[in-house]
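Accompanying notes for the structure given below.
Rule-based calculations on the coordinates, nothing more; no lab input. Note that this is a predicted model, so its numbers are computed, not measured. Reconstructed Cβ throughout: ideal geometry from the backbone, glycine too, with neighbour counts over all protein chains shown.
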Amino acid sequence: MGSNASDTPSIELLFLGTGTSSSIPHLDCLTAPPNRTPCLTCLSTLTPEGKKNIRRNTSAALRISGKDGKRTTVVIDVGKNFQAAAVEWFPKYGLREIDAVIITHAHADAMNGLDDLRGWTLGGAIQPHIDIYVSQSTFGEVQRSFPYLVSKEFASGGGDVPDFEWHIIEDKVPFEIKDTGVRITPFLVHHGRLFSTNPPPAFAPTPCTTQPTTPNLSGRSSPARPLSDACAPTTPKIHPYLCFGFLIQDSIIYISDVSLIPDDTWALLESESVKKPMPVLVLDCLRLRAHTSHMGVREAVATVRRLNPKRTYMTGFSHDISHDEYVTIGKAAGGDGPKATINMSVMELRGTEMIREGKPVWIRPSHDGLRVFISRDDKVIDETYD
Ligand SMILES: [Zn+2]
Ligand SMILES: [Zn+2]
C-alpha cells in the first residue's frame, strides 16, 4: 500500500484463524504410528512450505475507516487459541487496541478466548475495557459458562478478570460501533442443530423422571409434588442451531459457521448484492462433503455463485484438504484452465469435479495471517493472490 492518505484502504481484513474447531495440525496426525496412512496436510506444517496449513480457530481482525477517518479495530470471534493468534499477528501488523469484539455464536472455538482479553484490560494495560457484541442467547451461554465474565461478584482468587461492556445485538438490526460510523448488520444462519427437544437445555424445567417421594401418615408413599405440565411427554423436535454472520459496512459478508442459509437471510444478502457487487465474501467450507454444521465445497461454491461477490475467501477448514489443493479447486471454480488432471491429487480431482459446472467465480482459500484490503472504490487486493 502507498503512503498517500488517499491510498489508505477503507477496510483491512486480517485472518487471525482459518481452521475448524480442532485447529490444524492435529496432534494425532503428527504422532501417528508408521503403519497409518500419513496425513500430508498436518505433516506439512512441520516444513516451511506447509505453513499455510497451520490453521487456528476461525477469527478475523478488521481495521475500518470510520466517519472521521479514524480507524476502528473490530475482532470477530475469540476462540480457544485466540491468544496465540494475537501474539503472532498483532505485533506483526501493528494492532493493539480493540474497539469491539463481535461473537458469532457460543461454541468454544468462537468464545473460549474471552478470558484472554484480560491481557488488554487488566490494570488498563492497553485499554480500560472492551466492548463485546453478542446475541441474547450467546450472552446467556457466557453467563452460564463463565459467570465472572459478566458479573465480577463471581470472580475468585485475585479477581483478575477482564473488563467488558456487553451489548446485545439482534438478527438483521444494524448497529454502529460506538460513535465511529462503522456499521455492522448481524444475520442468522443455521449452524447444525440442537441435539435436544424443545426448549433448549439451558432453559429446560427440572427433569421429572425421578419424582421424590415422602411417606404419608398412612405409611404409603406419594409424590411430594404433582407432575406438572412441564413433565408431560413431548414430541422431540429438531431445531436449527443459530449462528450470526455479519455484513460489515457494505463491503464484507462474513459467514464462518454455516450449514444452511435460511430464506429471510438470503433476502437480505441478495438485496445487498444487487445494489453493487459485494467486494468480499468470507465463507465457511469445512471439507469436500457437507457436514451437519458446515458447508462443504459444493454448497460453498453454490452460495458464491448465487451472491456473485468480487472475491471469496473460504475459511474454517479441516485437515482433509491442504491449502494448495484448495487453491486448485478455487481456480477451477473461476473457469481457469486447471492444471492437467493427470497431476491432480485425489482431493483436487474430486473437488474440481464437484464445482466445475456453473458461473465462473473468484474463490481462494484464506490462511492464517492473510491480509485483504478494500479501497474506497471497492477494489480488492490481498497479499497472497494475484
Ligand atoms: Zn491431519
Ligand atoms: Zn460452531
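Odds and ends about this structure:
- Convex hull per residue volume in Å³, alpha carbons only, for the stretch 229-313: 119 Å³
- Shown is the FRET efficiency for Asp68 and Thr292, computed with R0 = 45 Å from the Cβ-Cβ distance and rounded to the nearest 0.05: 0.50.
- Crossing angle, helix 136-145 versus the chain [Cα axis fit, 0-90 degrees, rounded to tens]: 70 degrees
- Choice from Cys42, Cys29, Cys285 showing the highest fluctuation, given a GNM over the chain with Cα pairs closer than 10 Å: Cys29
- Straight-distance crosslink candidates among aspartates and glutamates, where the alpha carbon sits under 18 Å from Lys275 and sequence neighbours closer than 8 are dropped: Asp250, Asp264, Asp377, Asp378
- Cα gyration tensor, the stretch 1-152 - rounded (a/c under 1.5), prolate or oblate: oblate
- FRET efficiency for the pair Val173 and Ser345, taken as 1/(1 + (r/R0)^6) with r the Cβ-Cβ distance and R0 = 30 Å, rounds to 0.10.
- By the rule of a C-alpha distance below 29 Å, with chain neighbours fewer than 8 residues away ignored, the lysines paired with Lys276 are Lys67, Lys70, Lys172, Lys178, Lys310, Lys331, Lys359, Lys379.
- Magnitude of the charge dipole for the chain, about its Cα centre and with charges confined to Cβ atoms of Lys, Arg (+1) and Asp, Glu (-1), is about 640 debye.
- Rounded tilt (10° steps) of 323-333 against the dominant C-alpha axis of the chain: 70 degrees
- Within a Gaussian network of the chain (alpha carbon springs, distance under 10 Å), most fluctuating of Ala302, Ala267, Ala60: Ala267
- Under 5 Å between amide hydrogens, built in the peptide plane, is the criterion, and for Met295 it picks out Val258, Leu286 among residues at least 5 positions away or on other chains.
- Degrees, to the nearest 10: 263-275 long Cα axis against longest axis of the chain: 30 degrees
- Positive end of the dipole of the chain (Cβ unit charges, origin at the Cα centre): among Ser23, Pro128, Pro91, the Cα lying farthest that way belongs to Ser23.
- Histogrammed with a bin width of 10 Å, the alpha carbon distances of the stretch 331-386 distribute as 20, 40, 32, 8, 0 percent, first bin at zero.
- Distance histogram for the chain (every C-alpha pair counted, 10 angstrom bins, percent rounded to whole numbers): 5, 21, 30, 23, 12, 5, 3, 1, 0, 0
- Of every Cα-Cα pair in the stretch 268-386, the percent that sits beyond 19 Å: 45 percent
- Whole-angstrom gap from the stretch 30-68 to the stretch 313-379, using each part's C-alpha centre: 16 Å
- Under-5 Å amide H pairs with Phe164, H placed in peptide plane, nonlocal only: Ile130
- Net charge of neighbours whose Cβ lies under 9 Å from the Cβ of Leu281, counting Lys and Arg as +1 and Asp and Glu as -1: +2
- Largest GNM mean-square fluctuation among Phe373, Phe15, Phe146, using the chain with Cα springs under 10 Å: Phe146.
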